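Just so it is clear, none of the values below were taken in a lab; they were calculated from the coordinates. Predicted, not measured: the structure shown is a model, and the values here were computed from it. All Cβ positions, glycine included, derive from the backbone under ideal geometry; neighbour counts span all protein chains shown.
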């Protein structure tokens with residue numbers, strides 16, 4: 001007897017059900033318990049195994065949108081890498097809160113993991129009530145708009161000043177481009193959480209970085225971003241940092257030795273320059289396994305080449321017309337020479353790393369550094385990364401590793417010079433946690449320096465290295481109640497909320513104790529508005545490394561030295577060159593007598 005044919009309606013329903021299922025990964029790619037980051041049709045998910053069974057949940061943490069696939073499993077809990085929120089790996093329920101991750105039906109078939117992601121469909125935004133023309137803002141000139149009003153060295157300060165005048169959401173015209181500027185934390189969070197689908201970095205970032213020869217994970221968008229992000233996160237994972245810590249310990253010892261020599265000579269120290277040397281030495285060892293030892297007197301040529309990038313990038317990004325494409329100024333030619341020199345130096349390291357992988361193929365499964373991981377990796381199409389992508393990511397790692405940490409450390413020391421009671425509290429913590437060791441002995445010791453972490457948080461709160469988050473709408477989108485046409489730029493200013501007394505008590509003061517539960521005191525404390533590393537899926541992958549470096553350096557400084565400023569405190573100022581750095585911090589180090 002033949003099997004009766006399915007009714008047409010039932011067949012159509014079954015086909016519709018099947019069409020909702022998306023392939024997330026091959027079974028080989030999710031061997032083990034996870035977590036594993038995956039995406040399909042622009043939807044991020046996280047895959048874990050709980051009790052031997054696969055689970056698929058929404059991929060963005062409900063707190064600030066970090067990728068949960070970049071977190072870790074701790075027992076039966078999925079832990080977000082950003083603020084350590086914990087979710088039951090079997091049910092998705094948050095430990096200590098009402099939030100619960102949305103789950104998706106999942107199955108393994110044909111050697112792959114499939115899931116029905118319909119439960120994660122985006123909720124349509126409410127109809128917009130305002131348009132760009134409704135927003136206030138400074139008056140500009142015909143055709144040029146506000147472009148001639150911009151002082152590039154003070155761009156972030158200008159944008160903040162206009163926010164005080166025109167409110168938390170205003171409009172600029174930069175030539176033919178519209179820019180919306182906001183200090184509203186909820187709106188900034190929306191733009192960062194909805195990357196890379198609804199928003200991307202300013203559309204000029206990718207081509208300008210490509211012209212500079214540094215197209216990497218920072219500037220990558222769309223399909224190219226995810227595999228590069230995965231590699232960067234692997235290099236900067238907590239597990240890798242634990243293995244890398246002895247190297248970090250050694251470089252911190254080199255920094256201490258450099259400052260002991262300066263102290264004995266009574267010499268002035270360009271604090272930021274020395275801290276840049278420290279971060280360059282750390283990053284080159286992490287990325288290449290290569291020691292340039294700029295702290296010990298090695299050539300600092302790499303550091304000098306890197307210094308060309310951000311000022312050149314900032315100048316081009318904020319130009320109304322791309323004049324450098326037709327007219328090369330002397331500064332452009334100097335940047336071209338810096339890029340060529342970096343490419344030649346990195347090319348030698350790439351050749352050596354390829355030879356090591358060829359001689360010992362097993363290294364591909366356990367790469368010793370980021371360069372080896374890049375050479376061994378494959379993109380989503382199974383092809384190796386080309387040399388331009390490899391070079392771009394190597395330079396990106398160097399740039400990111402150099403600026404953020406060094407600038408924050410310089411601001412921290414600058415403030416502590418005027419706070420002897422805080423320095424005494426820092427030293428008491430160092431003695432209690434790290435003893436009399438010249439440098440914190442291991443990663444666990446460094447991570448227990450909570451007051452020093454508070455010092456770093458205060459430096460980033462008052463002087464964020466990236467005070468403006470620039471994005472662009474990929475398509476027509478609604479931001480809050482504002483209709484944004486595709487291509488509209490949005491600048492999110494993160495400092496105003498962080499220095500508002502409504503969010504932090506006595507917000508203008510440098511008070512590390514506000515980050516310690518036992519010493520916080522009364523008044524407002526809203527840490528969620530503090531976003532020095534960004535937020536959402538593209539939160540800075542180097543966040544963990546940066547914080548460890550800050551703890552280690554500050555512990556090393558204040559265990560061994562008294563620090564005095566050369567010159568007046570108010571002579572130190574901020575300068576914008578894509579990131580914001582302190583200018584004019586010069587100090588002297590004085591050896592402290594050994595503890596009795």
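Here are the numbers for this structure:
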quantity	calculated
Part-to-part distance (alpha-carbon centres) for segment 324-395 and segment 141-215, which is given in Å	30 Å
Percent of beta bridges antiparallel (DSSP, the chain, rounded to nearest 5)	95 percent
Alpha carbon convex hull of segment 488-553, volume per residue in cubic angstrom	125 Å³
Rounded tilt (10° steps) of 8-19 against the dominant C-alpha axis of the chain	20 degrees
For the chain, the spread of Cα positions along each principal axis, largest first, Å	100, 63, 56
222 nm mean residue ellipticity, helices alone, for the chain (DSSP H n ≥ 4; -39,500 (n - 2.57); rounded to 500)	-12500 deg cm²/dmol
Estimated FRET transfer efficiency (residue 270, residue 486; beta-carbon r; R0 56 Å; 0.05)	0.80
From the C-alpha gyration tensor of segment 22-120, square roots of 5λ in Å	20, 14, 12
For segment 244-383: rounded, prolate or oblate by the Cα gyration tensor [a/c cutoff 1.5]	oblate
Helix 271-288 axis, angle to the chain major axis (alpha carbon atoms, nearest 10°)	40 degrees
Fully extended contour minus Cα-Cα distance, from residue 247 to residue 333, at 0.36 nm per residue	27.3 nm
Segment 70-139-segment 516-563 distance, computed between alpha-carbon centres (Å)	26 Å
Volume per residue of the C-alpha convex hull in segment 301-357, rounded to whole Å³	98 Å³
Relative pair counts by distance (%), Cα atoms of segment 43-187, 5 Å bins	2, 8, 14, 14, 10, 8, 8, 10, 10, 8, 5, 2, 0, 0
Distance histogram in 5 Å bins (all Cα pairs of segment 412-451, percent per bin)	6, 25, 28, 21, 17, 4
Segment 409-504: projected area of the alpha-carbon convex hull, averaged over directions, in nm²	9.2 nm²
Rounded to 10°, Cα long-axis angle of helix 387-416 versus longest principal axis of the chain	50 degrees
C-alpha center-to-center spacing [segment 398-415, segment 446-464] in angstrom	12 Å
